[in-house]
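Q: The structure's right below; bear with me while I get my questions together.
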Amino acid sequence: MNHSFKTSITILSVLLFGIGCNRPDSNQTAESSLGSSASMGNIDRTVLPIADPQFHGSIDSIASTSKPDFPKGVTAPAGAPNVLLIMTDDVGFGASSTFGGPIQTPTFEKLAASGLRFNEFHTTALCSPTRAALIAGRNHHNVASGTITEMATGYPGYNSLVPKSCASVGEILKGNGWNTSWFGKMHNVPDWMSSTSGPFDLWPAGLGFEYFYGFLGGDCNQWRPALFENTTPIEPYVGNPDYILDKDLADKASSYIRKQHTISPQKPFFVYYCTGTAHAPHHAPKEWIDKYKGKFDQGWDKVREATLTRQKQLGVVPQNTKLTVRNEGIPAWDSLSPDQKKIYAREMEVYAGALSYADYNIGRVIDAVTETGQLDNTIIIFIMGDNGASAEGTLNGCSSESSDPNGATEDIPFLLTQLDKLGSKYSYNHYSYGWAHAMDAPFQWTKQVASHFGGTRNGLVISYPKMITDKGGLRSQFHHIIDIVPTILDVCGVPQPKRVNGIDQRPMDGVSMAYTFKDAKAPGTRNTQYFELVGNRAIYHNGWIACTTPYRKPWQTTGGESKNPADDFKWELYHVADDFSESENLASTQTDTLKALQALWWEEARKNNVLPLDASFVERAAPGIRPSLARDRNSFEYHEGDVRIPTGSAPEFLNKSWTINADVVTPKNCNGVLAAMGGYFGGFALMVKNGKPMFLYRISNQPKHLTTLQGQQALSPGPHVITADFKYDGGGIGKGGTFVLSVDGKEIAQKKVDKTTPYRFSLDETFDVGEDTGTPLDYSTYDVPYKFNGEIKKVTVDLKPSAITKTDGQKLTEGERFAQLVRE
């Protein structure tokens, strides 16, 4: 080879490989940490993503005398298991038959028979906090999730912005060679980031999950869910009258598991499967609800007693466990009227049917794992509930969960008309809070109450045939939701990362539970654990628990909050090593122990971003407290196809005057929705039907709360501006006003209303332009999508909030304005 040719090759090499690159000598091979199976054990898995492999071949002047080598992808440790992590929603310790409850959960039971039951496992007592703590392995305040996302406040422990220093289990396992997916509920996307504009950092895709099929937020209509596939909104229920989410989730997850194994059988999967059931609304096919007909006629007091008896028979509670007293505010079943008993029993039948149906579909997902031949090499972790049972349904329960907070309380005569509709698409139902207490047997209190086991104790089953030989065994070590991810990593042979995507990681707060798999009597490794939510708090330490007495009852939406949560709350003390159900308060006799534990709670609070304490509840949901894409905007312009805009990103129509103008070109026989917010359980729609403009507004699903305006004459084909104008009376929240419907500036209908929606139109529906999604405002008028069949040039929204100023003349923020209106 002559010198000029060698020089040309050298220049070409610089161009190809880059100036300053460490090009290997042509006669050397670069040893790669990923280049061969022998070197796989030397991979540094504490830094993610794992470093790119070095070139493992050789390079000569020409290809024929060189040795190629493709970089080897990251692979999981040899023999690493698949992981199926399952969690249901709002299910108390005493609900499932697996833990002695009255609701049949054969899938959960079958899994327990092949694995282990854990009867001292704990959550945070609320949705978003538990879910954030679960996937991060850190205490909920350390992942900015001291409350639900819709109530986030501007403090590190509460702002809902999970820090990048707390990488999720999805990110960790994906970076170590697992396929990762998420099916179902995601309640950790900040309220103002949940639109299709993103950002998507805190969506599943941004947290290391390669595939997501589910919904964002706390509530989800099983019949008409607001679903996403990855970050794309989808409406799979349209044209499918038998659609229900629990079946759909199981279909999609089962298909994913089969396909993943078919295409890459050598690669393990991580599937996170979290149902919206049994959070309200409680939805299920009628035949599943009817399985429980008459099963709860004896009432919640007898059900609690029967549950404890079964729990003792199963051995999931100690034989000396006492049934705690009924909490103040929950009436004795025998004190209820016949109509109350009829309604409340039916509500419980619906809840039970929904949970059994979810359990059945979870079984279908596990069957898919079995069909691939991977069951023995799959660790299945099934957490029955993200907190205790929910007492948020009021004493009467409801056919629409948002009715009571919006001042549309449902009375007994109305509920009697809804019994056959509960659980169907015509309901967004919840049960009486007496049932929540019963589903948490044998404990005190319910969801939201982080101070007591009724809020935090949940049944857990772990099955892993490769490692667990004590089939059907019971484990009673004290553990917490933050211990799940360390357990997964331990079993998978993956270390907790020290650095992820260039960010140093906060050490996990959790510890592995794998030590319990082979030894039922092994000493517990979680000796201390704090709890806190909306001022309710507790501290567990070496068999003792000190806890506060709830100040605001969990069924109180407004009122009852402590103004000084640091001092207002009374404290209780229990020796839970001997008193499983927290039935004997020792605060008055063991004062030194109580003081020591109180001091320990404050120490843990300071270490874990718990402060400042805040016992407020509904006030935290006020608009303007959190960032918003609509902040400081009173004028908006939308176009056809602008749909699924969530409340946190849509115009704030509540408690103010506003105008909507739809600039359209109408065809002959014009029909369709121009703009809609919410749906059948609260919202409004500006639309055209049979050529006539209409405006519908409703506070709840009760007929008396539906307001209809309609023009008498059909629109002529051609351009028109259709206007809905609302003038708010003011003087507080939820007050009345006047709706005016106009065409081309001419009024065609007007109606005065005495009240309007004060807090939120819908818990899961959105603002849509050109069609409607979810539920219609009125099923007898139209059904979704009812897409407008003309041309929409634009739809504009103009908000007209009242000008309230501070004493110094500065305008109030939206949050301050809302608080002022509440006071008024």
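The values are calculated or read from the model by the stated rules, or taken from the named source; none is laboratory data. Owing to the predicted nature of the structure, the values given are computational and were not obtained by experimental measurement. Note that we place each Cβ from the backbone using ideal geometry, even for glycine, and neighbour counts take in every protein chain shown. With ligands, DNA and RNA removed, areas are computed over all heavy atoms of the protein, side chains included. Shrake-Rupley method; radii C 1.70, N 1.55, O 1.52, S 1.80 Å.
Q: How many residues are farther than 30 Å from SER356 by Cβ, touching a Gly at 6+ places or on another chain (Cβ under 9 Å) and not in a loop (DSSP other than H, G, I, E, B) when one looks only at region 48-100?
A: 2
Q: Has region 754-772 got at least one residue that is assigned to a strand (DSSP E or B) and surrounded by fewer than 17 Cβ atoms within 10 Å (Cβ to Cβ)? Quick ask: steps written out before the conclusion?
A: Here is the first cut: in region 754-772, the residues assigned to a strand (DSSP E or B) are 754-755, 767-769.
Next cut, surrounded by fewer than 17 Cβ atoms within 10 Å (Cβ to Cβ) only: 754-755.
Taking every residue of region 754-772 in turn, at least one turns out to be assigned to a strand (DSSP E or B) and surrounded by fewer than 17 Cβ atoms within 10 Å (Cβ to Cβ).
Q: Of the conditions (1) open to solvent by 30 Å² or more (accessible area, probe 1.4 Å); (2) under 26 Å from THR409 (Cα atoms), VAL643 fails just one. Which one is it?
A: (2)
Q: ASP246 passes all but one of (1) crowded, with 21+ Cβ neighbours inside 10 Å; (2) not in a helix (DSSP H, G or I); which number fails?
A: It is condition (2) that ASP246 fails.
Q: Please list, ordered by first then second residue, the pairs with beta carbon atoms under 6 Å, 6 or more apart or interchain, first in region 535-560 and basic (Lys, Arg), second surrounded by fewer than 18 Cβ atoms within 10 Å (Cβ to Cβ).
A: Cβ pairs passing all conditions: ARG552/GLY560; LYS553/GLY329.
Q: If you don't mind, there's one more thing I want to ask. Do you know which residues across region 732-749 are surrounded by 17 or more Cβ atoms within 10 Å (Cβ to Cβ) and part of a strand (DSSP E or B)? Lay out the reasoning, then the answer.
A: Step one: filter region 732-749 for residues surrounded by 17 or more Cβ atoms within 10 Å (Cβ to Cβ), giving 733-735, 737, 739-743, 748-749.
Within region 732-749, LYS735, GLY737, PHE739, VAL740, LEU741, SER742, VAL743, ILE748, ALA749 qualify.
Q: If you go through region 668-688 one residue at a time, do you hit one that is of a type in the set (A, V, I, L, M, F, W, C), modelled with pLDDT of 95 or more, farther than 23 Å from ASP764 by Cβ and under 35 Å from the mean Cα position of the chain (by Cα)? Steps first, please.
A: First, pick out the residues of region 668-688 that are of a type in the set (A, V, I, L, M, F, W, C): 670, 673-677, 681, 684-688.
Filter once more, keeping what is modelled with pLDDT of 95 or more: 670, 673-677, 681, 684-688.
Right, trim to farther than 23 Å from ASP764 by Cβ and you get 670, 688.
Cutting the leftovers down to under 35 Å from the mean Cα position of the chain (by Cα) gives us none.
No, region 668-688 has no match at all.
Q: Among the residues of region 199-223, write down those that are farther than 20 Å from ALA250 by Cα and in contact (Cβ under 8 Å) with a residue 40 or more places away in the chain.
A: LEU202, LEU207, GLY208
Q: Further, regarding this structure: Looking at this structure, is ASP729 open to solvent by 20 Å² or more (accessible area, probe 1.4 Å) and either under 30 Å from PHE414 (Cα atoms) or among the aromatic types (Phe, Trp, Tyr) (or both)? If you could, list the steps in order and put the result at the bottom.
A: On the way: open to solvent by 20 Å² or more (accessible area, probe 1.4 Å): yes; either under 30 Å from PHE414 (Cα atoms) or among the aromatic types (Phe, Trp, Tyr) (or both): yes.
Yes; evaluated as a whole, the condition is true for this residue.
Q: Then there is this: Scan region 530-552 for residues that are over 20 Å from GLU584 (Cβ atoms), modelled with pLDDT of 95 or more and either open to solvent by 20 Å² or more (accessible area, probe 1.4 Å) or aliphatic (A, V, I, L, M) (or both) and jot them down.
A: LEU533, VAL534 - these are the residues of region 530-552 that are over 20 Å from GLU584 (Cβ atoms), modelled with pLDDT of 95 or more and either open to solvent by 20 Å² or more (accessible area, probe 1.4 Å) or aliphatic (A, V, I, L, M) (or both).
Q: Something else: Hey, ASN327 hits all of (1) within 21 Å of THR277 (Cβ to Cβ); (2) part of a loop (DSSP other than H, G, I, E, B) but one; which does it fall short on?
A: Unmet condition: (1).
Q: Would you pick out the residues in region 709-726 that are assigned to a strand (DSSP E or B), at negative phi and surrounded by fewer than 16 Cβ atoms within 10 Å (Cβ to Cβ)? Even if it seems obvious, please write down each step before you answer.
A: We begin by selecting, within region 709-726, every residue assigned to a strand (DSSP E or B); these are 709-710, 718-726.
Imposing the further condition that a residue be at negative phi reduces the set to 709-710, 719-726.
If the condition is that a residue be assigned to a strand (DSSP E or B), at negative phi and surrounded by fewer than 16 Cβ atoms within 10 Å (Cβ to Cβ), then PRO719, VAL721 are the ones that fit.
Q: Residue by residue through region 437-486, note down the ones that are surrounded by 24 or more Cβ atoms within 10 Å (Cβ to Cβ) and either hydroxyl-bearing (Ser, Thr, Tyr) or free of Cβ contacts under 8 Å to residues at least 24 places away in the same chain (or both).
A: THR446, SER451, THR456
Q: Quick one: is ALA167 more than 22 Å from SER255 (Cβ to Cβ) and among the hydrophobic types (A, V, I, L, M, F, W, C)? Can you show your working first?
A: On the way: more than 22 Å from SER255 (Cβ to Cβ): yes; among the hydrophobic types (A, V, I, L, M, F, W, C): yes.
It is true that ALA167 is more than 22 Å from SER255 (Cβ to Cβ) and among the hydrophobic types (A, V, I, L, M, F, W, C).
Q: Okay, next question. Which is without any contact (Cβ under 8 Å) to a residue 40 or more places away in the chain, surrounded by 14 or more Cβ atoms within 10 Å (Cβ to Cβ) and out of contact with any strand residue (DSSP E or B) (no Cβ under 8 Å at 6 or more places or on another chain), of ALA596, ALA630, ALA621?
A: ALA596
Q: Does any residue of region 373-384 turn out to be farther than 24 Å from ASN458 by Cα, in contact with a Gly (Cβ under 6 Å, 6 or more places away or on another chain), among the small types (Gly, Ala, Ser) and open to solvent by 10 Å² or more (accessible area, probe 1.4 Å)?
A: The initial filter retains those residues of region 373-384 that are farther than 24 Å from ASN458 by Cα, namely 373-377.
Restricting the remaining residues to those that are in contact with a Gly (Cβ under 6 Å, 6 or more places away or on another chain) gives none.
The answer is no; no qualifying residue exists.
Q: Of all residues in region 496-525, which are open to solvent by 20 Å² or more (accessible area, probe 1.4 Å), touching a residue at least 12 places away in the same chain (Cβ under 8 Å), part of a loop (DSSP other than H, G, I, E, B) and closer than 21 Å to GLY137 by Cβ?
A: GLN496, LYS498, ASN501, GLN505, ARG506, MET508, ASP509, VAL511, SER512, GLY524, THR525
Q: Another one. Only one of these conditions is not met by ARG698: (1) of a type in the set (Lys, Arg); (2) more than 16 Å from ASN406 (Cα to Cα); (3) open to solvent by less than 10 Å² (accessible area, probe 1.4 Å). Which number is it?
A: Result: ARG698 fails condition (2) only.
Q: Let me spell it out: the conditions are (1) in contact with a helix residue (DSSP H, G or I) (Cβ under 9 Å, 6 or more places away or on another chain); (2) among the aromatic types (Phe, Trp, Tyr); (3) open to solvent by 10 Å² or more (accessible area, probe 1.4 Å), and TYR431 meets all of them except one. Which number is the exception?
A: Here TYR431 meets the rest and fails (3).
Q: Here's another thing I want to ask about it. Being more than 30 Å from LEU48 (Cβ to Cβ), within 31 Å of the chain's Cα centre (by Cα), aliphatic (A, V, I, L, M) and modelled with pLDDT of 95 or more narrows it down to one of LEU594, LEU573, LEU586, LEU600, so name that one. Can you show your working first?
A: On the way: LEU594 fails: within 31 Å of the chain's Cα centre (by Cα); LEU573 fails: within 31 Å of the chain's Cα centre (by Cα); LEU586 fails: within 31 Å of the chain's Cα centre (by Cα).
Among LEU594, LEU573, LEU586, LEU600, only LEU600 is more than 30 Å from LEU48 (Cβ to Cβ), within 31 Å of the chain's Cα centre (by Cα), aliphatic (A, V, I, L, M) and modelled with pLDDT of 95 or more.
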